[in-house]
1. Which lysines, if any, have their Cα less than 23 Å from the Cα of LYS151, not counting same-chain residues under 8 positions apart?
2. With 18 Å as the cut-off, how large is the P(r) tail for region 94-170, expressed as percent of Cα-Cα pairs?
3. Just how large is the dipole of the chain about the Cα centre, in debye to the nearest 20, putting +1 at every Lys and Arg Cβ and -1 at every Asp and Glu Cβ?
4. Which value, in debye to the nearest 20, describes the size of the charge dipole of region 3-83 about its Cα centre when Lys and Arg Cβ atoms bear +1, Asp and Glu Cβ atoms bear -1, and nothing else is charged?
5. Once the dipole of the chain is set up with Lys and Arg at +1 and Asp and Glu at -1 on Cβ about the Cα centre, which of LEU57, PRO20, VAL9 lies farthest towards its positive end?
6. Which value in nm describes the separation of the simple spin-label points at ILE70 and SER22, placed 7 Å from the Cα toward the beta carbon?
7. So what's the angle, to the nearest 10 degrees on a 0 to 90 scale, between helix 83-93 and the longest Cα principal axis of the chain?
8. Hey, how many Å between the Cα centroid of region 25-46 and the Cα centroid of region 48-63?
Amino acid sequence: MRREFVAIVGTEEISISAEPESGERWSVTIGECSREVDATELRPGVWSILDEGRSYLVDLDQRRRGKAIIHGTVEVETVLEDARRRRLAHAVSGHRGAGQRGEEIIAPIAGKVVKLAVEAGQTVEPGHSVAVLEAMKMENEIKAERGGTVKAVHVSPGQSVETGDRLVTLA
């Protein structure tokens, strides 16, 4: 199963994805760089990684303000966040501009539309629920940030959506 993270190092945010291929072979992308590596978790948080014949021992040590990634004598403090949960949190709290006049409320994660709480022509107040998405057996309420009038509803209950798909357009 593909895992997506955002690593926050100082003020820089780096996207990371890792997907097992077969056995100990993994496809890993860090920022724009993609590699195929052999990786084995020796114990929780400690990984042995073989990349193009070079061996790395990486320790993800839990710290008060996140994790320290330790390789040899190099230690980098970072915060690792699950990328899907982060997209959902930003969409629900309005950091993506969801619900702004003339903009669309989009699916922050892939899932299935369980419920629609609005219909075309309806006036929506800020913070009003517009839809409920089910993802990973959890129901996620999607809310309007600023409110407005529903210009169009682009999905229906039971429909599967991908990250970034249009749900509702507010005018």
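1. LYS112, LYS115, LYS143
2. Working: 825 of 2926 pairs.
When every Cα pair of region 94-170 is considered, 28 percent fall beyond 18 Å.
3. Details: 23 positive and 28 negative charges, 129 e Å.
Roughly 620 debye, rounded to the nearest 20.
4. Values: 9 positive and 18 negative charges, 72 e Å.
Computed charge dipole of region 3-83: roughly 340 debye.
5. Looking along the dipole axis, the top candidate is VAL9.
6. With each label placed 7 Å out from Cα toward Cβ, I get 3.6 nm.
7. Long axis of 83-93 versus the principal axis of the chain: about 30 degrees.
8. Here the answer is 8 Å between Cα centres.
Coordinate-derived values only; no laboratory data. Treat the numbers as computed from the prediction; the structure is a model and nothing was measured. All Cβ positions, glycine included, derive from the backbone under ideal geometry; neighbour counts span all protein chains shown.
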